[in-house]
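The values are calculated or read from the model by the stated rules, or taken from the named source; none is laboratory data. Note that the structure is a prediction, hence the values are computed from the model and not measured. Cβ placement follows ideal geometry from the backbone for every residue including glycine, while neighbour counts extend to all protein chains displayed. Just so you know, the surface numbers come from the protein's heavy atoms only, side chains and all, with ligands and any DNA or RNA stripped out. Shrake-Rupley method; radii C 1.70, N 1.55, O 1.52, S 1.80 Å.
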Amino acid sequence: MSKDGIVFDIQRFTIHDGPGLRTELFLKGCPLRCQWCSNPESWKPRIQWGAYPSKCISLEKCGLCTAACPVKGVLNFTDGKLTSIDNSKGVDYSACAEACPSDAIKQWGKSMSVAECMAVIRKDKDYYQRSGGGITVSGGESLMQSDFVAELFEACQAEDIQTCCETTFYTKWRNVEKVLPNTDLWISDLKQMDTKIHRKYTGGGNELILENLRKLADLNQRLILRIPVIPNVNDDPVNIKATADFILNDLHGRVETLQLLSFMRLGVEKYKALNIPYGMEGVHFDRKEFQAHVEQIADYFNQRGIHCLVGTKDKEVEAVKKN
Amino acid sequence: MLSTEKRYHTNAIGIEPFDKSYGLGYQVNHADWSPFPRVNDLRQTFLDRPYDIDVERLRLVTESYQKHQSCSRKLQCAYAFENVLLNTKLYIYDEDLIVGEIAAPAKAAPIYPEFSVNWIIDEIRHSPFEEREHDKFFIRNDKDRQEILDLCQWWKGKTIDDHLQASLDKDQLKGSEVGEKIFQTNLYHYAGVGHLAIDYAKLMKVGYVGLIKEAKEHLAALSKRDPEWASKRDFYLAAIIMHEAARTYIKRYAKLAEKMAQTEPDKKRKTELKQIAANCYQIADGTPKTFWQALQLFNIATTLIQVESNGHSISYGRMDQWLYPYYEADMKKKSLTKKQALELLEVEYVKMNNPTKLKDKGSMAVRNGRGFGGESLTIGGVDREGNDATNDLTMLMLEGSVHTRMMNPWICVRMHEKTPYELKTKVVQCIRAGYGHPKLYNDAPAIKAMMRKGMTLEEARDYCVVGCVELSLPGKEYGWHDAAYVNTAKMMEMVLNGGRSFNTGKQLGPDTGNLAEYKSFDEVLASVDKQFEYWTDQMCSSLNIIDSLHRQLKPLPYVSLFFSDCMDSGKDLTEGGAKYNGIGPQASGTATCADSLSSIKQLVFEDHYCTGAELLKAIKDNWEGHDILYAMVNSSKVHHYGNDDDYADDLFKYMFECYCRHITGRKNLRGGDFRPGVYSVNANVAMGMNTHASADGRKKGEAISDNMGPVHTDAGSHDICGPTALVNSLAKVDHSLATNGTLMNLRFPEDAVAGVQGRDDLLNFIDSYIAKGPMHVQFNIMSSKTMRAAQKHPENYKDMLVRVAGYSAYFVELGKPLQKDLIQRTELHF
């Protein structure tokens, strides 16, 4: 039985989520609400619309979106430019997006069949093969659509395309099991070892996540773990030590790489476009000091025998030089 | 990293590990890239020298022409060349190991009055070279200025330019550089043709003495029954005079080096000067016996081609191949170390930058940069049997390039499916260093293109690159590459507007319909075809006239003798003496046309979003007051080339093939035919300035699309799906149809290729690129941020090279519009 997925973006030629050159599918819908999330458009499992005021050519010169809109007064303009769209009323804005001549209305989410996704994925097959790459599904929470992912991965494996699943693991084990047979690599976060704090910042406890990771480790699956290092949320010595203990004791050290992703103020525009308040608004810190701190955390993990990187790539001797 | 592809390996190695990192992106103000202090000194001295104009060649050539007014043109050329070589000042620079300049001090530009003088007189009087916004040149003093004016005055009416003005009809003139610039034949209208590589392997084997001996034998064997007897006799006589003059000139250098050695206090330098003298004596009277002597002979032979004519892109052939026997022999004898070989190479690399060329402002606009340009040095690839040809020199030549980081030589690496991993890694490390070299050529389509020109498989495999991207067979082909810049966006303007110019409203071409009246998209395509036919008729017939004037007024006996078929036939290159003869004009703005057609097809004929008349009006109004339509044609709702979208890619293919079809197969006067190229180098900027708004969403004056690249307008880049999609689009055309070459620029910011993984990603990307079949690619590893910083503080970025198109240039020396074009080109991220 073929099931469509709700895809909110397909990026060709990504290099950060898994080895080699990859195509990445972002699936819509997530049970968590991490305050630092850079993809708020991925939260709701249904189609949403956002506005890009910098692309809007103004109500006065154009106005095609308001003319096409089935409901009045839901498109918000500031200084004559479309600044946000109210997604709370359940209105279908596809006619507005269709009418906009300047890409100022973005529709997040599109129903796609496995066959449609494969048509895009296949286009870069040559690049995957030469680079050891493949496809990565991400989200949102990819396993909220586990039937779709299972079918997609099966189709990929049938064509010798390697697969990687990026997931929060905040999902029932049976969803993992559906995808498991056709997954070559897993990527997941370890956001915070204290479940109370985890719940405070993400909206959910970590028990399910840790349990799923333990099961996965027992199955000897290839796994990359990540910590989105957020100032004053999870960068304290207690959490860092607990994380290392968990990896070494509960996961038996079966982690290919632990990647530390330093907090970046990303996605602010999208919060605005979606009319959602940005949870990290009040967070201010010295970037240089913070970066040094993250490097120290990496040293700690490496000293404990966990292969740990800052960022997603191995650094060369040379540093990226900024003029 | 796991890869399913088989890797091939080589034992060839330079002085450094194959995977040594040379840093990432441009590094401000470095003066010590090379491990050889001598090379760093020579490089810095070069950078600090001024761009002067030198009057000596003009003086000596004029003097000789005045003295020999009654003899045949070939002999006039020979005597003028001889007069220069016997009398020009000689220059041996501190620390240099190889001698020979282009009859002017290093970095000073000589004048070549044989081609044209009107613009020189005009520009000195009205828009002095010293006051140019970029590409400035300096006449040293008022005395020189007056002398140049006086001498040029004598040439008025005698040059190729003068004869050409009188030969073109009004239909040709209206489209040319003196008219609406639909096609620009500037380069060979005002200067020499160049674009060749001689048979260095043969020169090394027989030397000047061998060539002279062979010419004398042919001369003796000429039959008076041959109706071309006199012409052939003059060819051999002229060539012999010139090659003898070369020998005398080399000996003059030997004597000067000897003299300098006598008074040189430094012992080490004294020995070097003595060796320079010995090298010169050896190559004047015989053949090179060492690697150093081979490089010395190479330098003299090559620079003298640039004394004979100022044609650019005098290229070095497959230098890692023809030079290898000398390297190998010295290494075997242990008379040379790898380090010494590399130092000599690097010294020669720096020297390759010395020749500069004063260009008219029209040519300068389409081709920024003060070097001659186009001195390509080809390495790697397959040999005549199809096996990988990588050797130690291949690796050393790349190391020399990254150690010197200068405009010249233009290193070109031939890639094929079995290119060794070590070579590919070294290539990627050089590219990542962000100085714009090397450019990569793809053997499979290139060899196919050579065979389309009639060559055998073995010959085709021996191709080298001359100039930006043009393919040539060393010692056998006179391809007249880079013959004209064609503004296809202007032709499209004729399609939309009934053959009339938007700028002036004047009727230029035939009225083949207009956008307000076409009933179907097929009618539009039929009109495109007719306009292309008409304008390529005008251009190609103009080029045939220019070609015939070069034959009549500026034969090239010196360089011709390096071509075996000229030697055997007694025919000069300009008379069709080479085995393969071509004329290659290149199309600019292909994607501008493709995206224009896409707007028209989709919005007018399929979606009925607007009428043809409305779109035409919007374009005429430069999109002003048509905001919705302007946003629409620049939006992702309209199909655009470069996104792996067949709808738009098919239209690109149509335009590409349309141009190729109208050029291919036309005959030229040298017994060859016309060959299409699809690249603009940087001419797309100047052409855009002169072009009205277009249907792809360009406003008046913006650059048209560059080379094989996608459209980017002030409203944004039209390629939005990343590099794989772009390359897939690019690979949908058969590049070998463009027998004169295609060109693709890609730009990544530094952090996209950072680290070991970044290196591997780029390498794998290149592997896929080559496998997909485009002919050429070159990279800029430079963020927009860096370029903007250089615009702000040019003084800190003096030696920052950027890959403009086929060539690299110093960013801060480019004109503002071209700088903008480079910044606007899509920054690709993995």
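Residues that are in contact with a Lys or Arg (Cβ under 8 Å, 6 or more places away or on another chain), outside any strand (DSSP E or B) and more than 14 Å from chain A (Cβ to nearest Cβ) were ranked within region B:770-814; the one that is modelled with the lowest pLDDT is B:806. Take region A:15-31 and flag every residue that is open to solvent by less than 10 Å² (accessible area, probe 1.4 Å), touching a Lys or Arg at 6+ places or on another chain (Cβ under 9 Å) and either modelled with pLDDT under 90 or not hydroxyl-bearing (Ser, Thr, Tyr) (or both). Hits for region A:15-31 are A:15, A:20, A:21, A:22, A:24, A:28, A:29. Among the numbered conditions (1) over 30 Å from residue B:72 (Cα atoms); (2) not in a loop (DSSP other than H, G, I, E, B), the only one that residue B:558 does not meet is (1).
From the residues in region B:641-663 that are part of a loop (DSSP other than H, G, I, E, B) and open to solvent by less than 10 Å² (accessible area, probe 1.4 Å), which one is farthest from the other protein chains (Cβ to nearest Cβ)?
Per the stated criteria, the residue is B:641.
Filter region A:107-132 down to residues that are hydroxyl-bearing (Ser, Thr, Tyr) and more than 7 Å from chain B (Cβ to nearest Cβ) and give me whichever is surrounded by the most Cβ atoms within 10 Å (Cβ to Cβ). Filtering region A:107-132 for residues that are hydroxyl-bearing (Ser, Thr, Tyr) and more than 7 Å from chain B (Cβ to nearest Cβ), the one surrounded by the most Cβ atoms within 10 Å (Cβ to Cβ) comes out as A:128.
Condition check ((1) at pLDDT below 95; (2) within 20 Å of residue A:269 (Cα to Cα); (3) not β-branched (Val, Ile, Thr)) across all residues:
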{"site": "A:52", "(1), (2), (3)": "yes, yes, yes"}
{"site": "A:73", "(1), (2), (3)": "yes, no, yes"}
{"site": "A:78", "(1), (2), (3)": "yes, yes, no"}
{"site": "A:92", "(1), (2), (3)": "yes, no, yes"}
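When region B:716-735 is limited to residues that are touching a helix residue (DSSP H, G or I) at 6+ places or on another chain (Cβ under 8 Å) and surrounded by fewer than 21 Cβ atoms within 10 Å (Cβ to Cβ), the one that is modelled with the lowest pLDDT turns out to be B:717. Inside region B:81-136, residues that are touching a helix residue (DSSP H, G or I) at 6+ places or on another chain (Cβ under 7 Å) and assigned to a helix (DSSP H, G or I) make up a count of 14. The residues of region A:1-14 that are touching a residue at least 24 places away in the same chain (Cβ under 8 Å) and within 11 Å of chain B (Cβ to nearest Cβ), listed by number, are A:10, A:12, A:13, A:14. When residues in region B:358-372 are screened for being open to solvent by 10 Å² or more (accessible area, probe 1.4 Å) and within 30 Å of residue B:279 (Cα to Cα), 1 of them pass. Can residue B:354 be described as of a type outside the set (A, V, I, L, M) and either open to solvent by less than 10 Å² (accessible area, probe 1.4 Å) or within 17 Å of the chain's Cα centre (by Cα) (or both)? Yes, satisfied. Of note, residue B:775 satisfies the criterion of being over 29 Å from residue B:693 (Cα atoms), among the aliphatic types (A, V, I, L, M) and touching a helix residue (DSSP H, G or I) at 6+ places or on another chain (Cβ under 6 Å). Residue check: residue A:52 meets all listed conditions (1) of a type in the set (Phe, Trp, Tyr); (2) open to solvent by less than 50 Å² (accessible area, probe 1.4 Å); (3) within 14 Å of chain B (Cβ to nearest Cβ) but one, namely (2).
For region B:272-355, the helices (runs of 4 or more DSSP H) that sit wholly inside it and include 3 or more residues that are among the basic types (Lys, Arg) are B:338-351. Residue count for region B:411-454 under the criterion of being open to solvent by less than 10 Å² (accessible area, probe 1.4 Å) and under 22 Å from residue B:668 (Cα atoms): the result is 2.
Apart from one condition, residue B:761 fits all of (1) assigned by TED's automatic domain parsing to the domain that holds residue B:460; (2) open to solvent by 10 Å² or more (accessible area, probe 1.4 Å); the exception is (2).
Can you spot a residue in region B:201-210 that is hydroxyl-bearing (Ser, Thr, Tyr) and modelled with pLDDT of 95 or more?
yes
Annotation note: of B:763, B:746, B:726, the sole residue that is under 25 Å from the mean Cα position of the chain (by Cα), assigned to a helix (DSSP H, G or I) and either away from chain A (no Cβ under 12 Å) or not β-branched (Val, Ile, Thr) (or both) is B:726. In region A:74-88, the condition of being assigned to a loop (DSSP other than H, G, I, E, B) and among the hydroxyl-bearing types (Ser, Thr, Tyr) is met by at least one residue.
To keep it simple, each residue is scored yes or no on (1) in the same structural domain as residue B:356 (by TED's automatic domain parsing); (2) open to solvent by 10 Å² or more (accessible area, probe 1.4 Å); (3) among the charged types (D, E, K, R).
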| residue | (1), (2), (3) |
| --- | --- |
| B:62 | no, no, no |
| B:67 | no, yes, yes |
| B:72 | no, yes, no |
| B:79 | no, yes, no |
| B:83 | no, yes, no |
| B:90 | no, yes, no |
| B:95 | no, yes, yes |
| B:99 | no, no, no |
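Considering the conditions (1) under 23 Å from residue B:557 (Cα atoms); (2) open to solvent by 10 Å² or more (accessible area, probe 1.4 Å), residue B:274 is excluded by exactly one of them, (1).
Across region B:380-409, the number of residues qualifying as more than 20 Å from residue B:331 (Cα to Cα) and out of contact with any Pro (no Cβ under 8 Å at 6 or more places or on another chain) comes to 15. The residues of region A:78-94 that are away from every other protein chain (no Cβ under 14 Å) and small (Gly, Ala, Ser), listed by number, are A:84, A:88, A:90.
Quickly run through region A:238-291 and pick out the residues that are of a type in the set (Gly, Ala, Ser), assigned to a helix (DSSP H, G or I) and under 19 Å from residue A:213 (Cα atoms).
Answer for region A:238-291, where residues must be of a type in the set (Gly, Ala, Ser), assigned to a helix (DSSP H, G or I) and under 19 Å from residue A:213 (Cα atoms): A:242, A:244.
Give me the pairs, please: first residue somewhere in region B:85-103 and without any contact (Cβ under 8 Å) to a residue 40 or more places away in the chain, second residue anywhere and in a loop (DSSP other than H, G, I, E, B) and among the acidic types (Asp, Glu), beta-carbon distance under 7 Å, and either six or more positions apart or on two chains. Cβ pairs passing all conditions: B:91/B:101. What is the residue count in region B:670-696 for residues that are more than 20 Å from residue B:366 (Cβ to Cβ), under 23 Å from the mean Cα position of the chain (by Cα) and outside any strand (DSSP E or B)? Count: 2.
Among the helices (runs of 4 or more DSSP H) confined wholly to region B:432-527, which include 2 or more residues that are among the β-branched types (Val, Ile, Thr), out of contact with any His (no Cβ under 8 Å at 6 or more places or on another chain) and not assigned by TED's automatic domain parsing to the domain that holds residue B:555? So the answer is none; nothing clears 2.
Residues that are open to solvent by 10 Å² or more (accessible area, probe 1.4 Å) and aliphatic (A, V, I, L, M) are absent from region B:467-490.
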